[in-house]
Structures are given as C-alpha cells and as structure tokens.
Amino acid sequence: MRIKRMAALAAVAALSVSLAACGGGDDAGSGTGDGAAKSFAAGSTMEKLNKAQKLTVGTKFDQPGFGLKGLSGKPEGFDVEIAKLIASELGIPADKIEYVEAPSKVREDVIVNSNVDLVAATYTINDKRKERIAFAGPYYEAGQNIMVRKNETAITGPGSFADGTKKVCSVTGSTPAEEIKKHVKDIVSQVVLFDTYDKCRDALKGSQVDAVTTDNVILLGYIAKDEASFKMAGDNFTKEPYGIGVKKEDTDFRNFINDTLEKIFADGRWKKAWDDTAGKFGATLGTAPTLNRY
C-alpha cells in the first residue's frame with residue numbers, strides 16, 4: 001500500500017510539472033483573448049490595450065448588416081466582427097469589448113476626445129476627415145445609392161432630384177449627405193437630414209420624404225427587412241472605402257490594424273465575417289481592397 005501511495009503521489013507531481021510547462025501557470029498566456037501569448041512594443045497602444053484587457057469601439061447601432069443593436073443589447077454586423085478580429089489580434093476576448101454608439105456626425109469627435117480606442121462604423125476614408133484623425137484600411141468598398149418606396153417610378157438615380165420636386169433624406173455629417181447636395185436643385189427644401197438612418201427610413205415609409213440615400217450595403221439591409229415597402233433606385237454612383245478610425249498621431253496602432261486586416265484578408269476570417277453578417281442581405285464582398293498605407 002505504501003509503495004502504491006508513493007507511486008500515485010509521484011504521478012500527480014509529474015502531471016503538475018507537465019501542466020506548468022504547457023502554460024498552466026498564472027503568468028502564461030495572460031493578457032490574451034485566444035490563449036496565445038501576445039507581445040507588443042513597450043509603451044505602444046497595443047501593449048496598453050493588451051494589459052488592460054479592454055477595447056472600446058465606436059460603431060453604429062442602427063445599420064442592419066454592419067452595426068445594429070440586437071436582442072443581446074450589443075451591436076451586431078460586419079463592422080462589429082471586424083472590431084472583434086482586431087481585438088483578437090490584440091489578445092482581447094470579444095466579451096471585453098465595450099461598444100459606444102458613434103453616429104456619423106460624432107465619429108471624429110469620439111476619437112479625438114479619447115472616448116474610444118477605434119471607430120468601425122461604415123466610415124468612409126476621405127481627406128477632410130484625415131485632417132483630424134487617421135485611417136487604417138480600407139476593409140470594404142461600398143457605393144452610394146438611393147432607396148425609395150416600392151411603388152416609386154419617378155426616381156431612378158441622383159439626376160431625378162434636379163427638377164427640385166423630390167425630397168431626399170440622409171444623415172448629418174455623412175459623406176452621402178454631402179454628395180447628394182451636388183445633385184439637387186435646392187438644398188434647403190430638398191435635403192432632409194437626421195442623426196440616424198432609422199429616422200430617414202421612417203420618414204420615407206411615412207411619405208415625409210421621397211427617398212433615402214446612403215451606401216448601398218446599408219440600404220440593402222433595410223430592404224431585406226421590409227421588401228414590401230422599399231426598393232433600390234438605380235446603380236451606385238460613388239465609391240466609399242470603409243476604414244478604421246484611430247488617433248491621427250498613432251502611426252504604430254494604424255500599422256498594426258493594417259497588418260491585422262492583411263492577415264484576415266488572407267486567412268478567410270474577413271470573408272466569414274461578411275458571410276455571417278452583411279452578406280446575408282445580397283451585397284457582394286468582392287476582392288480584398290488594397291490597403292492605403294500612407
């Protein structure tokens with residue numbers, strides 16, 4: 001009996017050593033979201049986020065397929081999945097992400113004021129925005145389009161607003177809002193602006209406006225949820241490259257996100273994120289865009 005007891009204790013000791021060697025100790029794998037050790041340059045944003053085990057993301061709460069607040073109380077969609085993949089590369093699990101609503105008009109503000117670590121919110125890369133913040137990406141290229149009521153026949157594209165008789169709705173601070181102003185006869189009487197696209201959708205359904213304009217993938221999400229009420233009118237008439245917004249001076253973090261995007265383009269996670277979200281609404285993903293490493 002004594003010999004058997006000693007043998008059992010020896011086996012337990014050997015197993016304990018084995019587990020410690022495999023990373024079962026307190027320090028092994030700490031600060032990671034997927035169990036793999038992460039190492040970042042001292043003092044970098046990546047190291048700070050990894051140590052804090054928290055990522056704060058600005059996104060939309062009202063856009064089907066990209067960022068729509070679901071039954072869970074958290075936003076769901078392609079932008080949200082991209083943010084989760086970035087978090088994973090930082091060693092931060094998805095349940096440690098805090099989401100902050102970032103409507104179009106405040107996206108630069110929440111970055112500059114350090115309310116968020118990054119913004120993933122159907123955020124078109126353009127030079128005006130680069131004056132205040134920086135972009136990684138693009139990770140998707142959308143195109144502006146127009147949504148109308150199902151029985152509408154007079155609106156077939158942006159040129160349909162040139163006679164001054166039709167009202168079109170978009171969102172304050174958005175690229176589509178600025179673009180559509182080029183195509184109307186009278187901005188004041190024809191262009192209606194709200195803070196969210198949900199309000200534009202409701203105004204269209206209630207015949208307060210004649211059309212809603214924004215990126216095609218956002219409109220397809222609304223149509224997929226109410227095909228009896230809405231349809232697209234014409235083809236895309238712009239190109240909208242979506243990027244990840246970060247602080248202007250944080251070049252290392254921007255480069256890290258670009259490296260992450262390059263990785264997920266290649267390993268299939270980017271396509272899976274699309275197929276699980278916006279891809280369900282009929283929009284095409286296309287090939288991975290070329291990153292703008294400026």
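The values are calculated or read from the model by the stated rules, or taken from the named source; none is laboratory data. This one's a predicted model, so the numbers in the text were calculated from it and none came from an experiment. Heads up, the Cβs are rebuilt from the backbone with ideal geometry, glycines too, and the neighbour counts pull from every protein chain shown.
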Revision key, fill the gap. By residue number, the members of segment 196-226 that are crowded, with 23+ Cβ neighbours inside 10 Å, closer than 17 Å to residue 61 by Cα and of a type in the set (Val, Ile, Thr) are 214, 217, 218
Review point. Is segment 263-272 home to any residue that is in a helix (DSSP H, G or I), within 30 Å of residue 152 (Cα to Cα), among the charged types (D, E, K, R) and in contact with an Asp or Glu (Cβ under 9 Å, 6 or more places away or on another chain)?
Key: no
Review point. Does any residue of segment 194-204 turn out to be among the basic types (Lys, Arg) and modelled with pLDDT of 95 or more?
Key: yes
Revision key, fill the gap. For strands (runs of 3 or more DSSP E) lying entirely in segment 116-180, having 1 or more residues that are in contact with a His (Cβ under 9 Å, 6 or more places away or on another chain), buried (at least 19 other Cβ atoms within 10 Å of the Cβ) and in the same structural domain as residue 223 (by TED's automatic domain parsing) picks out 168-171
Practice item. Determine whether segment 198-207 contains at least one residue that is of a type in the set (Gly, Ala, Ser), over 30 Å from residue 113 (Cα atoms) and free of Cβ contacts under 8 Å to residues at least 12 places away in the same chain. Key: yes
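For every residue, the table says whether it meets (1) within 18 Å of residue 142 (Cβ to Cβ); (2) out of contact with any helix residue (DSSP H, G or I) (no Cβ under 9 Å at 6 or more places or on another chain); (3) at pLDDT 95 or above; (4) buried (at least 23 other Cβ atoms within 10 Å of the Cβ).
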residue	(1), (2), (3), (4)
188	no, yes, yes, no
241	yes, yes, yes, no
263	no, no, yes, no
272	no, no, yes, no
288	yes, no, yes, no
Review point. So, of the residues in segment 205-224 that are in contact with a helix residue (DSSP H, G or I) (Cβ under 8 Å, 6 or more places away or on another chain) and in a helix (DSSP H, G or I), which turns out to be nearest to residue 139 (Cα to Cα)?
Key: 217
